[in-house]
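Nothing in this text is a laboratory measurement; each read-out follows from the coordinates by a stated rule. As the structure is a computational prediction, the values presented were derived from the model and not from experiment. All Cβ positions, glycine included, derive from the backbone under ideal geometry; neighbour counts span all protein chains shown.
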Amino acid sequence: MRPGPRSLLLPTPLSLSLRALVLLCLATRCQAVQAENVTVLEGGTAQISCRLQNYDGSIVVIQNPRRQTLFFNGTRALKDDRFQMVLFTPRLVRITLTNVSVSDEGGYFCQLYTDDTHHQVATLSVSVPPDTPTVEVKQEAVEGGEVELTCLSLRSKPPATLRWIRDRREIPGVVSQQENGKTVSVSSTIRLSVERKDNGAAVSCEASHPALGGQKRVRHYRLDVHFAPTVRIIPPPGILREGDSLSLTCSITGNPLPRDVQWTRINDTLPERAEISGPTLQVSRLSQSHNGTYLCQAQNNYGRAADHYALLVYENVSVTTMVLSTSHHATSHPITLLITPSYAPDPRDPGAVIETHSAVPYAVIGGILALLVFTIICVLIITIWCSVRQKGSYRTQEPILNWY
């Protein structure tokens with residue numbers, strides 16, 4: 001005979017016993033255990049705590065995520081010295097774990113063995129801050145091309161955030177992530193157009209992470225842009241004449257900087273007294289046989305460059321002038337004059353820097369000649385005046401002699 005609906009509402013013996021047990025637990029203040037979750041930095045020390053309520057001396061067991069017993073009523077059960085029991089009281093049981101790694105993550109069980117086993121799980125989370133990121137270059141940066149830079153943060157948890165900065169401005173990058181077990185590898189890639197003016201320019205990659213507390217790990221990088229060399233000969237000041245020394249310096253730029261500098265003379269060989277020291281060419285005791293166009297050349301893997309200098313040595317000539325004295329004797333005085341050539345080089349020639357001084361010898365010669373003419377005129381005037389005075393004196397004395 002099927003029971004009617006009324007019979008389904010009648011309490012069964014099992015339900016009565018459970019209700020009685022609950023009432024009994026409330027009346028007798030049953031024991032309980034509570035666990036606290038923990039988050040710690042990798043390499044740090046974690047404190048795992050189990051709080052006890054109405055503890056009456058029952059057995060307390062702490063297990064790791066693999067359900068291996070670490071401590072049994074305060075006694076070590078697993079030989080791992082990183083775990084230490086630091087507190088065991090009727091209210092609180094606490095252990096420490098030093099040198100925490102991501103493999104230690106998981107739930108740690110706090111179990112209280114009474115008539116009924118009670119347990120709570122304390123979850124241990126390990127945070128892995130990123131190291132200072134690295135910068136990788138896919139290929140060499142060449143003037144007029146592009147360079148690809150990749151910023152890498154190899155290990156973090158949770159994933160680090162990467163930002164590229166140049167001149168205080170963020171450069172958007174392509175971000176990718178790859179899981180490595182419980183940690184994550186993060187990369188950010190950018191592409192930049194480069195010119196030779198960008199060589200040495202600074203860019204930075206910043207890594208931020210919750211575990212860093214607002215700080216950032218920064219990697220600075222300077223662009224290494226390769227370009228062909230440039231060459232410029234630094235000419236000597238003033239004009240050059242026979243007997244002077246010549247010193248030419250070849251100023252070179254380029255990346256990489258050319259190691260070898262070549263000095264030559266167009267359509268001729270270098271003078272015997274020429275000495276080359278790095279980028280400098282020196283020639284002592286110049287003569288007109290040293291005239292010519294000197295060439296400086298340099299090259300690297302990205303090109304070649306050259307500059308030339310036209311050397312023009314002026315000749316020294318001695319001119320003898322006659323100066324009359326009051327004693328009617330002529331005195332010769334040698335005067336050295338600088339004679340310039342009757343031709344002028346092409347002003348478009350890079351060596352024309354010396355031609356801007358070509359007017360100086362004419363001015364000097366003119367001044368000297370003017371001074372000589374003035375001196376001769378003065379001497380002649382004085383000589384004539386003295387001669388006239390002497391004749392007048394003789395004429396005055398003749399009547400006096402006749403009177404006697």
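Between amide H atoms placed 1.01 Å from N, distances below 5 Å from I171 occur with W164, I165, R166, all of them 5 or more places distant or on a separate chain. Across segment 231-244, rounded Karplus estimates of 3J(HN,Hα) from the backbone phi angles (6.51 cos²θ - 1.76 cosθ + 1.60, θ = phi - 60°) give 10, 9, 8, 8, x, x, x, x, 9, 10, 10, 4, x, 6 Hz, Gly and Pro being marked x. Calculated FRET efficiency, R76 to E170, Cβ-Cβ distance, R0 = 60 Å: about 0.70 to the nearest 0.05.
Between the listed residues A122, S153, S101, the Cα displaced farthest toward the positive end of the dipole of segment 52-162, a dipole computed from Cβ unit charges relative to the Cα centre, is found at A122.
For segment 98-148, what does the alpha-carbon gyration tensor say about shape, rounded, prolate or oblate, given a ≥ b ≥ c as the root eigenvalues, a/c under 1.5 as rounded, and a/b over b/c as prolate? Prolate, since a/c reaches 1.5 and a/b exceeds b/c.
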